[in-house]
1. Given labels modelled 7 Å from the Cα in the Cβ direction, how far is it in nm from residue B:72 to residue A:100?
2. Which FRET efficiency, nearest 0.05, do residue A:427 and residue A:231 yield, Cβ-Cβ r, R0 45 Å?
3. For residue A:204 and residue A:155 in the same chain, what is the full-extension length gain: residue separation times 0.36 nm, less their Cα-Cα distance, in nm?
4. Under the definition of partner shielding as Cβ atoms of other protein chains within 10 Å of a residue Cβ, what is the mean value for peptide A:138-146?
5. What are the lysines whose alpha-carbon lies under 17 Å from the alpha-carbon of residue A:482, with same-chain residues fewer than 8 places away excluded?
6. Going by amide H atoms built from the backbone, whose H comes under 5 Å of the H on residue A:362, apart from near neighbours?
7. Kindly state, to the nearest 0.05, the FRET efficiency for residue B:99 paired with residue B:15, given R0 = 56 Å and r defined as their beta-carbon distance.
8. Add +1 for every Lys or Arg and -1 for every Asp or Glu among the other residues with Cβ under 10 Å from the Cβ of residue A:229, and state the total.
Amino acid sequence: MVGERLTHRVRWPLLLVLCLLGTVLQATDRPTQAQQQSLTVMMATGHQTVAVAQVNNRQMVALSDLASVFGLSVQEDSLADGLTVAYRDEVVVLPATQNLASVGGRIVTLPSPPVRTSSGWYVPIEFLDRVLGLVINTSIERRQQSGLVIVGDLRVPTVDVGYTVGNGRVQIIFEVTPPAPYTIEEDQQHLLVKFEADALDLSLPEAGSGSLVTSIQRGPEPSWLTINLGSEYASFQSALGNSVTGTSTLLVSVLSESVTSEITAASTPSQPSVNETTPPLTELTAPTVVRTIVLDPGHGGDDHGAVGPSGVLEKQVTLQVAERLQRAIESRLGLRVVMTRNDDRMVRLDERAAIANNNKADLFISLHANAALTPLPAGAGVSYLSLDDASGTSREGSDNRSVSVLGGGLRNIEAVSWEMAQISHIDQSAMFAAIVDAQLRTLVDVRPSRSQAAPLRVLTGANMPAVLVELGFLSNPNEEQKLTSGSFRETLVQALFESVVGFRVHVEQPISPEVGNAFWEEP
Amino acid sequence: MTTRGWRWLLVVVAAGMFSAWVLFVTVPDLYENNQDTEAMVPREAPTELARLTTATLFYVSDDGERLMGVERNVVEGDAPVEQARHVLEAQFLGVEPPLTSTIPEGTLVRAVYLTDRGDAFVNLSREISSKHSGGSLGELLTVYTIVNAVTVNVPSIRAVQILIEGREVDTLAGHVDLRRPITPRAEWVDLASPEVGDITVP
């Protein structure tokens with residue numbers, strides 16, 4: 001009995017002493033200055049830096065810093081043995097001895113309790129995204145790798161930059177997640193790549209120097225990049241491909257004088273017309289890989305396709321543009337062009353792909369005119385096959401099998417379902433779509449979204465790079481009129497012709513895949 | 001026995017007879033009468049009020065390029081396949097401006113089937129194809145309206161294949177491959193639309 005009473009008497013003072021001892025011990029903690037890093041807090045109003053300290057082997061930030069950045073008020077609560085952090089009407093209770101926070105009655109766990117140091121209270125960096133977002137009622141995303149803390153709905157795509165060097169060009173690859181529209185501006189010594197974003201979460205390769213590109217660095221604005229050009233720079237090309245994984249790949253090819261001359265020669269003359277004098281084929285670059293192109297005028301026969309408000313039929317527009325493009329490619333590039341239809345007749349979708357496959361085509365271009373459910377949408381566009389919907393199991397649509405061969409033994413073959421033939425060409429199709437998109441943008445109005453992947457039936461069976469080009473919107477009265485004009489059709493043909501030229505250059509003069517440690521140095 | 005004793009015996013016998021009369025005659029009559037009364041009251045027809053639940057339906061976004069989500073009350077179904085059908089029937093109803101439907105007028109939901117894999121087969125009437133205005137964008141919006149409406153509102157359904165009058169079809173209007181179940185795609189939804197709420201399209 002006496003013992004119990006003594007225990008009871010001693011319990012509370014003992015706890016008090018232990019708490020005080022703990023507080024004293026905590027007070028002796030020091031943030032390790034040597035290991036300090038920083039977080040960059042990005043808000044709509046700008047960005048601020050918050051220092052990160054190593055406390056008890058854990059990354060922490062000073063509450064006083066967060067208070068000044070986010071307008072918080074911090075008070076010690078001796079009764080609750082902890083802290084209260086207030087923002088307007090919201091209050092967070094942080095017990096000093098428990099790794100949790102109470103936000104309006106909601107319990108949020110943290111990796112460790114707050115720590116009192118000689119310079120004030122510190123909280124784990126997870127406090128930012130787990131607790132603070134709830135308090136200020138705004139999404140907070142913390143990116144571990146880059147140390148960015150994004151407050152609110154800011155567009156901060158990650159941009160990983162890589163490069164390949166060779167054959168008189170530097171090909172710079174920007175992998176942008178999520179995809180962001182961009183423009184490229186050129187002056188004498190720089191290319192400015194301007195992304196439509198609030199900032200960039202940037203990962204740059206190591207610095208170096210070369211004769212085409214000397215370096216890549218952050219631009220003068222948070223969403224810009226600067227490519228510093230070397231003495232041998234002559235021109236550049238760009239192409240954008242959206243992947244099915246939500247990352248777009250922007251390719252910027254920085255070209256030397258010799259490569260620029262080759263490309264210019266291949267695309268001259270620039271005005272396609274059947275009445276023009278056809279240039280001698282000997283002036284043109286002989287095709288080595290792209291020999292046959294299949295043009296597929298969409299719809300036909302009873303299938304009119306889309307019908308414009310004043311009665312223009314998609315099947316007529318696609319056939320007339322395809323015929324002009326056929327003449328331009330045959331006469332100026334000397335390539336073989338096969339049409340899936342030359343007149344107004346119905347051709348099944350499988351048959352269209354079969355025509356391309358049976359002719360061993362190197363490129364398949366399906367031409368269509370778009371229609372929307374409202375008259376507003378306008379602009380040309382290009383699509384390629386989306387992998388997931390086409391195969392159900394993405395690239396697993398192909399299958400490696402062992403088959404017996406004459407004389408004994410086994411040989412591995414890659415078996416691809418006929419109707420899945422496009423799967424092995426998706427990357428090239430995406431690349432060609434990016435080239436078409438870039439060329440269309442230089443000559444005609446295009447839709448806001450860039451080349452995109454879609455489950456398009458006519459492309460699934462094509463055993464070569466294949467895209468579907470929408471020439472414009474018949475459902476838009478202005479575009480319907482434009483699509484009937486000869487000059488507009490010539491412009492479309494010109495853009496598609498230039499795209500074929502660009503694809504030939506891309507295919508027939510492949511960039512060396514090696515990525516050298518010697519930055520920008522020619523191998 | 002004295003006179004007084006006889007009197008007491010008489011009272012007890014009378015009381016016993018009265019009790020027996022009450023017990024065996026009056027109470028059963030009362031009980032039977034009550035039964036008859038209850039039986040004579042006409043019973044009201046059962047009023048089954050449909051339970052409603054909130055669903056996100058999809059219509060053409062303001063720029064005409066994508067879909068936007070709009071919250072609407074739909075009939076609540078007991079099973080996923082029933083819920084999917086109710087959602088589609090609500091989705092296929094005509095709408096007034098400023099909303100624009102992606103579904104051709106007159107299209108009916110014939111049936112909805114669900115596999116163990118979570119693939120829904122939606123059997124529609126022929127108007128979904130014969131009255132479609134065409135164009136790859138219009139066709140994509142129609143297809144993803146159906147796919148998103150089902151998968152967003154019935155989480156156990158992961159993909160949707162469209163059938164027309166009970167048959168598998170290549171496309172609605174010559175563009176979108178309908179030979180397999182299609183999974184939802186967020187890129188066709190304007191997530192910034194005001195009523196889109198917390199839709200997460202896988």
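Nothing in this text is a laboratory measurement; each read-out follows from the coordinates by a stated rule. The shown structure was predicted, so the numbers you read here are calculated from the model rather than taken from an experiment. Here the Cβ is made from the backbone with ideal geometry for all residues, glycine too, and neighbour counts use every protein chain on show.
1. Here the answer is 4.4 nm between the modelled labels.
2. Numbers: r = 34 Å, r/R0 = 0.74.
Efficiency for this residue pair is about 0.85.
3. Numbers: separation 49, 0.36 × 49 = 17.64 nm, distance 1.90 nm.
Additional length available on full extension: 15.7 nm.
4. Working: counts 0, 0, 0, 0, 0, 0, 0, 0, 0.
For peptide A:138-146, the averaged partner shielding equals 0.
5. A:315
6. A:291, A:292, A:293, A:294
7. On the way: r = 83 Å, r/R0 = 1.48.
Plugging the Cβ-Cβ distance into 1/(1 + (r/R0)^6) gives 0.10.
8. Numbers: positive: none; negative: A:186, A:187, A:232.
Cβ neighbours under 10 Å give a net charge of -3.
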